[in-house]
Amino acid sequence: MHLAANTITLISLARVLNADIGGGAVAQLDDYDRSRYAAINHPMARARFLTGRVLARITLSEATGYEIDGSAWHILPDAKGKPRITGPLPDVGISIAHTEDVVGVAVCANGDVGLDLECLNDGENGEPVLEALSSADQRKLKTCAPEHRTREFVKLWTMKEAYAKWAGEGVGLDFGALDFDWVPRMARQSLMHGPVRIHQYSMCFNKEFSVALASGDSCPPLIRFRNLEASRLFAGEASCMYNFN
């Protein structure tokens, strides 16, 4: 059993599941995820967790051509909290991210992957977090028009967060020590940083979001916007696919 031959990296994005359909989604979880879900008290945090785990199972099963049922996948955190597939196909990389009411899952056939999402609309106010910027980052941000600096910072933050998740370090990594060769105001970016390639996209999905992916693949990912409430788990499937070349 393996991922479909044309699957390199697949990203699924979806709105969080509402309470009316959440009960049916819980049945798709394994015992470990069900216990974690039951321990979460905050309603939005519960919805994000549930949506992420259901979306992960759908994305993994799609990547195998639905040869493996969604309920067969088991995802556990490693010692640093990075999600790992414990069966089947434990060599496949997975990353889960969320912001506001949007959840994303990235699946990579070729090993580790990191995904981050941030709302760009929120980047219209406030100031960049200087501790997350290298001196080179700060110089580059100063070349942006003042009204765009925080927005460009959000894009850069998602790239650093995706890299940190790829490396398995999360926010424990010193973001100020990461110096990416990035270009302000680009809608899509792809760059190499050591053995990893980082893709960044600005995409509209009820709001505008920065989507950043870190993986060892040079090919751009397939990105799907999904309507989970019409997914194969419940009643057929509905999605919109983007393939960036």
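Karplus couplings for the stretch 154-165 from phi (6.51 cos²θ - 1.76 cosθ + 1.60, θ = phi - 60°), rounded to Hz, Gly and Pro as x?
4, 4, 5, 4, 5, 5, 5, 5, 4, 4, 4, 6
To the nearest 0.05, how large is the calculated FRET efficiency for N121 and A79 if R₀ is 45 Å and r is the Cβ-Cβ distance?
For R0 = 45 Å, the calculated efficiency reads 0.80.
List every residue whose amide H lies under 5 Å from the amide H of V113, counting only residues 5 or more places away in sequence or on a different chain, with H placed 1.01 Å from N in the peptide plane.
I94
Neighbouring Cβ atoms within 10 Å as the yardstick, rank Y37, Y201, Y32 fewest first.
Ranking Y37, Y201, Y32 by Cβ neighbours within 10 Å, fewest first, gives Y32, Y37, Y201.
Could you compute the FRET efficiency for I40 and E67, with r as their C-beta to C-beta distance and R0 at 30 Å, rounded to 0.05?
0.45
The numbers here are math on the coordinates, done by the rules we state, and not lab data. Computed from a predicted structure; not experimentally measured. Neighbour counts are summed over all protein chains in view; Cβ atoms, including those assigned to glycine, are modelled from backbone coordinates with ideal geometry.
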